[in-house]
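Heads up: the structure comes next, in structure tokens.
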Amino acid sequence: MTAMTTTTTDVERAVRGILDPEIPVITIDDLGIVRDVELVGDDLVRVTITPTYSGCPAMEAIAQQIRLVAERHGRRAEVVTRLSPPWTTDWMSEEGREALRRFGIAPPTGTRPAGPVTVSLSVRRVTCPHCGSEDTEELARFGSTACKALRRCRACREPFEEFKAI
Amino acid sequence: MSTTGTTGTTARHTAYLLGLGDDALVYAQRLGEWLTRAPQIEEDMALGNIGLDLLGQARALLTRAGEVEGRGRDEDDLAYLRDERDFRNVHLVERPRGDFGQEMARLLWFSSYQHELYAGLLGSGDEVLAGVAGKAIKEVTYHRDHATQWVLRLGDGTEESHRRMQAGLEAVQPYVAELFDDDPVSVWAAETGLGVLPSTLREPATGYVHAVLEQATLTVPEEPRWRSRGGREGIHSEAMGYLLAEMQHLHRSHPGATW
């Protein structure tokens with residue numbers, strides 16, 4: 001494959017625009033996991049990412065995708081993992097939240113309190129991404145991926161996933 | 001500064017990380033056994049996800065242990081190619097899978113312990129370890145919430161669920177004290193600012209668990225006549241060999257195999 005371009009903006013835009021493999025409506029940039037994209041010399045791009053969850057298998061797929069995108073721009077990719085400070089859903093962009101909502105996933109609501117949490121099922125208010133009702137309940141704290149919980153709307157009766165605040 | 005032998009700085013630093021990583025790795029393996037065995041599909045997913053979080057923590061901790069050791073061993077070498085006596089996990093995590101009540105009792109204790117542990121490790125002199133702790137504590141908070149809600153629901157539920165939840169607590173009780181034992185490596189790690197002294201975690205972790213039990217109308221089990229010891233020194237139970245056989249078999253049969 002021929003190198004199409006090597007300007008910072010193009011490579012960086014392409015890397016930041018990679019879609020999350022599990023939720024393919026949100027870019028890794030909007031997800032807030034890209035810490036840095038740095039061009040090194042003529043043939044390397046160093047991408048620093050902060051993983052969402054320690055064991056999230058999507059991280060491997062994302063690293064692979066970064067290498068593929070870099071190759072298309074005539075560069076090798078070095079993917080650096082930075083754990084600290086830890087990723088938080090606060091880093092998710094407004095665009096990202098809106099994309100999740102349109103996709104039918106309730107975006108994270110606020111950051112969870114640092115102190116002890118009251119012991120009861122589902123005390124948070126989560127808005128149904130389908131009908132907008134706040135009358136929703138938690139079905140399962142752990143959904144189809146580590147980052148999501150499963151809820152249902154009592155107004156429109158539709159089940160939906162919620163991106164957990166972390 | 002000594003870098004070799006079992007009492008050198010490097011060896012003790014490595015051993016400390018292995019203890020933390022092995023607890024997470026072995027419990028991840030046990031939780032994985034619940035897939036298709038939990039009482040409902042949501043629990044298959046929940047326990048699978050919790051195991052996945054722990055596996056992620058184990059990978060980071062074992063990778064760090066390999067770096068500190070400096071003998072070129074990576075996370076896979078440490079997970080798959082060590083023998084039973086080289087594993088430093090506590091007995092609680094290697095216990096065979098019991099019923100769901102027993103698992104929730106184990107998860108409540110382990111996540112309460114881990115929560116206090118990682119809170120203490122946020123200030124570790126090992127920056128990588130502090131970073132892992134910062135990430136992990138958020139995950140463990142969810143694990144602890146999950147166990148808490150089930151213990152409440154089962155304890156303060158039907159006569160049958162109460163009885164079985166209480167039995168689960170009794171079954172894991174002999175393995176709880178070991179979590180808070182001050183083994184020589186942890187004492188050294190606490191003194192050097194790398195780690196935390198396990199005995200200092202007993203009060204906050206126990207306080208949390210006992211508050212949950214009270215609210216769940218359950219009874220704190222009596223001090224058991226026998227209690228586990230020695231996991232941190234590589235002394236394990238019969239169950240551990242079978243667990244390792246399953247976990248390590250593929251890698252040992254096909255060294256270097258990749259997807």
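Against chain B, whose longest principal axis comes from its Cα atoms, helix B:9-32 is set at around 40 degrees. For the residues B:Met240, B:Met45, B:Met104, a GNM of chain B with alpha-carbon springs under 10 Å puts the largest fluctuation on B:Met45.
Just to check, using Stokes-Einstein with a Kirkwood Rh over alpha carbon pairs, what's the diffusion coefficient of chain B at 10 °C and 1.306 mPa s in µm²/s? After rounding, the answer is 85 µm²/s. Normalised by the number of residues in segment A:8-81, the mean separation of alpha-carbon contacts (under 8 Å, six or more apart) gives a relative contact order of 31 percent.
3J(HN,Hα) along segment A:48-54: 9, 10, 10, x, 6, 10, 3 Hz, from the Karplus curve 6.51 cos²θ - 1.76 cosθ + 1.60 with θ = phi - 60°, whole Hz, x for Gly and Pro. Simple spin-label estimate for B:Glu33 and A:Arg76 gives 4.4 nm between the two label positions (7 Å along the Cα-to-Cβ direction from each Cα).
Need the full-extension length gain, B:His249 to B:Glu170, defined as separation in residues times 0.36 nm minus the C-alpha distance. One decimal, nm.
Gain on stretching B:His249 to B:Glu170: 25.2 nm.
3J(HN,Hα) couplings calculated from phi for segment B:146-157 with the Karplus curve 6.51 cos²θ - 1.76 cosθ + 1.60 (θ = phi - 60°) are, in sequence order, 4, 4, 4, 5, 6, 5, 5, 5, 6, x, 9, x Hz; Gly and Pro show x. Evaluated at q = 0.12, 0.27 Å⁻¹, a Debye calculation over the C-alpha positions of segment A:8-81 (equal weights, vacuum) places log10 I(q)/I(0) at -0.27, -1.36.
Residues whose amide H lies under 5 Å from that of A:Lys148, counting only those 5 or more places away or on a different chain, are A:Gly143, A:Lys164; hydrogens are built 1.01 Å from N in the peptide plane. For chain B, the longest principal axis of the alpha carbon atoms and the long axis of helix B:202-215 meet at an angle near 20°. For segment B:26-116, the set of trypsin sites (Lys or Arg not before Pro) satisfying both a DSSP loop assignment and a count of at most 16 other C-beta atoms within 10 Å is given as B:Arg37, B:Arg71, B:Arg97. Two numbers describe the Cα atoms of the protein assembly as shown: Rg and Dmax, which are 22.5, 72 Å. Mean separation of Cα pairs under 8 Å and 6 or more residues apart, divided by the residue count, gives chain B a relative contact order of 23 percent.
What is segment B:67-129 by shape, rounded, prolate or oblate, if you read a ≥ b ≥ c off the alpha carbon gyration tensor as root eigenvalues and call it rounded for a/c under 1.5, prolate for a/b larger than b/c, and oblate otherwise? Here segment B:67-129 falls in the oblate category. For segment B:163-259, the list of GluC sites (Glu not before Pro) that fall in a loop by DSSP and count at most 16 other C-beta atoms within 10 angstrom reads B:Glu222. Backbone amide hydrogens, once placed in the peptide plane, bring A:Gly32 within less than 5 Å of A:Ser93, excluding anything fewer than 5 places away on its chain.
Counting only cysteine Cβ atoms and a cutoff under 4.7 Å, the protein assembly as shown contains unmatched residues A:Cys56, A:Cys147. Counting neighbouring Cβ atoms within 10 Å and putting the fewest first, the residues B:Ile235, A:Ile105 line up as B:Ile235, A:Ile105. Report the residue, chosen from A:Leu100, A:Leu31, A:Leu68, that carries the largest GNM mean-square fluctuation when chain A is represented by alpha-carbon nodes joined by springs under 10 Å. Highest fluctuation of the listed residues: A:Leu68. Looking at segment B:181-233, the trypsin sites (Lys or Arg not before Pro) that sit in a DSSP loop and have at most 12 other Cβ atoms within 10 Å of their own Cβ are B:Arg225.
Averaging the sequence gap over all C-alpha pairs within less than 8 Å and six or more residues apart, then dividing by the number of residues, gives chain A a relative contact order of 19 percent. Cα-based values for chain A, radius of gyration first and Dmax second, are 18.0, 58 Å. A Cα-only calculation for segment B:1-82 places Rg and Dmax at 15.5, 54 Å.
As an exercise, use a Förster radius of 45 Å and the Cβ-Cβ distance of B:Thr9 and B:Glu42 to find the FRET efficiency, rounded to the nearest 0.05.
Values: r = 46 Å, r/R0 = 1.03.
For B:Thr9 and B:Glu42, the calculated efficiency is 0.45.
In this structure the amide hydrogen of A:Arg76, modeled in the peptide plane, comes within under 5 Å of the amide hydrogens of A:Leu44, A:Val45, none closer than 5 places in sequence on its chain.
Any read-out appearing in this document is the output of simple, stated calculations on the displayed coordinates, not a laboratory observation. These figures come from a predicted structure and were not determined experimentally. Note: ideal-geometry Cβ built from the backbone for every residue, glycine included; neighbour counts use all protein chains shown.
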